[in-house]
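The values are calculated or read from the model by the stated rules, or taken from the named source; none is laboratory data. From a predicted model like this one, the values you see are computed outputs, not experimental measurements. Cβ placement follows ideal geometry from the backbone for every residue including glycine, while neighbour counts extend to all protein chains displayed.
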Amino acid sequence: MSSTPLYIPVLEERKKFKDYRQGIWGDSFNWYAERAWDQIKHVVIHHSVTNPTSDSKSDVDYIALLHKNRGWGGVGYHFIITADGMVWYVGDVSTMRANVADKNHLVIGICLVGDFTKGNPTDDQILSAHDLCKYLLFDTPSIPNLKDWGQLVGHKELQATQCPGTYWKGVGDSVYERIKNRIPYTPQTQPEPIIDWEKRYYGLIEEKKGEIDGLTGQINTLTDELSKIQVVLADESLGCQAKIEKLGGFVKEEENEIDEDIVEAVGTLKKLLEFLKGVFKHDEKN
Ligand SMILES: [Zn+2]
């Protein structure tokens, strides 16, 4: 089983990324074969030639159903981008899928829902396709041979097909240029926010200042208490040592006293013994 979870900060920020590998019909993790990371040379754009609805999940499931009906074991793309700009991660990037005949080991396949022989991708699709492709081309160290916008190709560049539509590349207003440069069709009234991570980090610290200060206060209090306990322990230790020394002194004094008494007693007993011996000798003579 191959599982390659992806975290793409800009898509997470825009809430435009769904890991749908478990939910979609078919085997997203094994079908139809693994390939080495360094084999991957292209990110390929497709169009689905299906009609977008207001229910983007059902649009994704419908594409899976078409692939099921072809007798495949899983959906043929790695990603599907619905009209609302949601990026659905449907086939693990470590596996080959089925979207460019004979070249599946070389590609990561992205399908945009819609028919671009008749219309254009939505603005949200352009923005999300840019964010996803930029990530795959430049921010995935595990895929060593993707590193240039030139490696973003339309299906028709690798195979004789109309996919992904009339205005892919080499025309005045090309889908490729819009994806590469992140230019939606409708001029944006508000520019897309550029995420300043440093600013967010400090913002978060500012926001959590109360909590952080509280914790710092608690840590300081605990540190104070700890040093107080250490002082008490040190005092106790000194006290104990003094007591031990004092006791040692008593023992020594007692020892000395006992010694002297014994010596004195023994001396007295000896004298008494000599005296008694003298008395008995005297009696024997008489
Ligand atoms: Zn295609």
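Does Gly91 qualify as being among the small types (Gly, Ala, Ser) and assigned to a loop (DSSP other than H, G, I, E, B)? Even if it seems obvious, please write down each step before you answer.
Numbers: among the small types (Gly, Ala, Ser): yes; assigned to a loop (DSSP other than H, G, I, E, B): yes.
When the stated conditions are applied, Gly91 passes them.
Would you confirm whether any residue within region 157-169 is over 27 Å from Gly119 (Cα atoms) and aromatic (Phe, Trp, Tyr)? Walk me through it before giving the result.
If we filter region 157-169 for residues that are over 27 Å from Gly119 (Cα atoms), which is where we start, we get none.
Within region 157-169 (the criterion being over 27 Å from Gly119 (Cα atoms) and aromatic (Phe, Trp, Tyr)), the answer is no, since none of the residues qualifies.
What are the pairs, 6+ residues apart or on separate chains, where a residue within region 54-77 that is among the basic types (Lys, Arg) has its Cβ under 6 Å from a residue that is surrounded by 15 or more Cβ atoms within 10 Å (Cβ to Cβ)?
Lys68/Trp25
Look through Gly114, Gly91, Gly85 and report the one residue that is crowded, with 18+ Cβ neighbours inside 10 Å, in contact (Cβ under 8 Å) with a residue 60 or more places away in the chain, within 15 Å of the ligand (Cβ to nearest atom) and at positive phi. I'd like the intermediate steps shown before the answer.
Numbers: Gly91 fails: at positive phi; Gly85 fails: within 15 Å of the ligand (Cβ to nearest atom).
None of the others qualify; the one that does is Gly114.
Can you confirm whether Ile24 is within 16 Å of the ligand (Cβ to nearest atom) and in contact (Cβ under 8 Å) with a residue 12 or more places away in the chain?
On the way: within 16 Å of the ligand (Cβ to nearest atom): no; in contact (Cβ under 8 Å) with a residue 12 or more places away in the chain: yes.
Taking the combined requirement at face value, the residue does not satisfy it.
Only one residue in Ser174, Ser237 is small (Gly, Ala, Ser) and within 30 Å of Gln125 (Cβ to Cβ). Which one?
On the way: Ser237 fails: within 30 Å of Gln125 (Cβ to Cβ).
When all the criteria are applied, what remains is Ser174.
For residues in region 27-58 being of a type in the set (S, T, N, Q) and surrounded by fewer than 19 Cβ atoms within 10 Å (Cβ to Cβ), which is farthest from the ligand (Cβ to nearest atom)?
Step one: filter region 27-58 for residues of a type in the set (S, T, N, Q), giving 28, 30, 39, 48, 50-51, 53-54, 56, 58.
Right, trim to surrounded by fewer than 19 Cβ atoms within 10 Å (Cβ to Cβ) and you get 30, 39, 50-51, 53-54, 58.
Values: Asn30: 23, Gln39: 20, Thr50: 12, Asn51: 17, Thr53: 20, Ser54: 24, Ser58: 21 Å.
Among those residues, the one meeting the criterion is Ser54.
Run down Gly154, Gly85 and say which single residue is touching an Asp or Glu at 6+ places or on another chain (Cβ under 6 Å), at pLDDT 95 or above and closer than 29 Å to Asp27 by Cβ. Before the answer, list the steps.
Numbers: Gly154 fails: touching an Asp or Glu at 6+ places or on another chain (Cβ under 6 Å).
Step by step, each of Gly154, Gly85 is checked, and only Gly85 is touching an Asp or Glu at 6+ places or on another chain (Cβ under 6 Å), at pLDDT 95 or above and closer than 29 Å to Asp27 by Cβ.
Tell me, which residue of region 142-173 that is away from the ligand (no atom under 16 Å from the Cβ) and under 24 Å from Lys18 (Cβ atoms) is surrounded by the fewest Cβ atoms within 10 Å (Cβ to Cβ)? Give the derivation first.
If we filter region 142-173 for residues that are away from the ligand (no atom under 16 Å from the Cβ), which is where we start, we get 142-151, 170-173.
Now restrict to residues that are under 24 Å from Lys18 (Cβ atoms): 142-143, 146.
On the way: Ser142: 11, Ile143: 20, Leu146: 22.
Out of the qualifying residues, it is Ser142.
What's the number of the condition Ala129 fails, among (1) buried (at least 22 other Cβ atoms within 10 Å of the Cβ); (2) small (Gly, Ala, Ser); (3) within 13 Å of the ligand (Cβ to nearest atom)?
Only one criterion is unmet by Ala129, namely (3).
Quick one: in region 53-88, of everything that is closer than 18 Å to His42 by Cβ and among the aromatic types (Phe, Trp, Tyr), which residue is nearest to the chain's Cα centre (by Cα)?
Residue satisfying both the conditions and the ranking: Phe79.
Can you tell me which of Gly23, Gly71 is out of contact with any Pro (no Cβ under 7 Å at 6 or more places or on another chain), of a type outside the set (Lys, Arg) and under 27 Å from Thr140 (Cα atoms)?
Details: Gly71 fails: under 27 Å from Thr140 (Cα atoms).
On inspection, the qualifying residue turns out to be Gly23.
Among (1) surrounded by fewer than 23 Cβ atoms within 10 Å (Cβ to Cβ); (2) closer than 20 Å to Thr140 by Cα; (3) of a type outside the set (S, T, N, Q), where does Lys103 come up short?
For Lys103, the exception is condition (2).
Going through Asn51, Asn99 one at a time, which residue ends up being farther than 17 Å from Ser2 by Cβ and in contact with an Asp or Glu (Cβ under 8 Å, 6 or more places away or on another chain)? Break it down into steps so the answer makes sense when it comes.
Values: Asn99 fails: in contact with an Asp or Glu (Cβ under 8 Å, 6 or more places away or on another chain).
None of the others qualify; the one that does is Asn51.
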